[in-house]
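**Q** Dropping a structure here in structure tokens format, bear with me for questions.
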Amino acid sequence: MLLKSTTRHIQIYTAEIQNDELVENDQLLTIDVDPDNEFNWTEAALKKVYQKFDELVEAANGEDLTEYNLRRIGSDLEHFLRSLLQSGEISYNLNSRVLNYSMGLPRVAAE
């Protein structure tokens, strides 16, 4: 059975991508970070998200694979994204179709 956790900026599935489609695989977790392109990403910031994801999955090793546990990982990653935004490692994409500032109002540098 396909399990998933979808938060505003993180989507986790028990699936793998084959021919641009999700194929159920209960032995593999696939993550989609910021599917609406709400943020501007650097390779370093994105790598940090994937590393944090790996840490959270490893910490949950041995627990049952449930939607609740996936949701907990997704929520922890949402908090991590907020910390990246607050530290300036990522920023809002002002050209995004989604401009709801879900992680807080953007900072504007004083002149």
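The values are calculated or read from the model by the stated rules, or taken from the named source; none is laboratory data. From a predicted model like this one, the values you see are computed outputs, not experimental measurements. So basically every Cβ, Gly included, is an ideal-geometry build from the backbone, and we count neighbours across all protein chains shown. Side chains are part of the model used for accessible areas, which takes the heavy atoms of the whole protein and leaves out ligands, DNA and RNA. Shrake-Rupley method; radii C 1.70, N 1.55, O 1.52, S 1.80 Å.
**Q** Of all residues in segment 60-111, which are among the small types (Gly, Ala, Ser), surrounded by 10 or more Cβ atoms within 10 Å (Cβ to Cβ), in a loop (DSSP other than H, G, I, E, B) and at pLDDT 80 or above?
**A** Ala60, Ser96
**Q** Which residue pairs have Cβ atoms closer than 6 Å, lie 6 or more positions apart in sequence or on different chains, and pair a first residue in segment 36-62 that is touching a residue at least 40 places away in the same chain (Cβ under 8 Å) with a second residue that is open to solvent by 40 Å² or more (accessible area, probe 1.4 Å) and not hydroxyl-bearing (Ser, Thr, Tyr)?
**A** Qualifying pairs under 6 Å: Ala45/Glu89.
**Q** Under 15 Å from the mean Cα position of the chain (by Cα), closer than 25 Å to Glu89 by Cα and assigned to a strand (DSSP E or B): does that describe Gln11?
**A** yes
**Q** Further question: Condition test on Leu70, is it in contact (Cβ under 8 Å) with a residue 24 or more places away in the chain and touching a Ser or Thr at 6+ places or on another chain (Cβ under 6 Å)?
**A** Yes, satisfied.
**Q** Taking segment 14-35 on its own, how many of its residues are more than 15 Å from the chain's Cα centre (by Cα) and without any contact (Cβ under 8 Å) to a residue 24 or more places away in the chain?
**A** 13
**Q** Inside segment 40-53, can you point out the residues that are part of a helix (DSSP H, G or I) and within 17 Å of Leu77 (Cβ to Cβ)?
**A** Scanning segment 40-53 gives Ala44, Ala45, Leu46, Lys47, Lys48, Val49, Tyr50, Gln51, Lys52, Phe53.
**Q** Please specify each residue of segment 26-39 satisfying the condition of being surrounded by fewer than 17 Cβ atoms within 10 Å (Cβ to Cβ) and in a loop (DSSP other than H, G, I, E, B).
**A** Asp26, Gln27, Leu28, Pro35, Asp36, Asn37
**Q** Quick one: would you say Leu56 is at pLDDT 90 or above, in contact with a strand residue (DSSP E or B) (Cβ under 7 Å, 6 or more places away or on another chain) and part of a helix (DSSP H, G or I)?
**A** no
**Q** Kindly check whether there is at least one residue in segment 1-17 that is over 23 Å from Leu105 (Cα atoms), touching a Gly at 6+ places or on another chain (Cβ under 8 Å) and at pLDDT below 90.
**A** Within segment 1-17, one or more residues are over 23 Å from Leu105 (Cα atoms), touching a Gly at 6+ places or on another chain (Cβ under 8 Å) and at pLDDT below 90.
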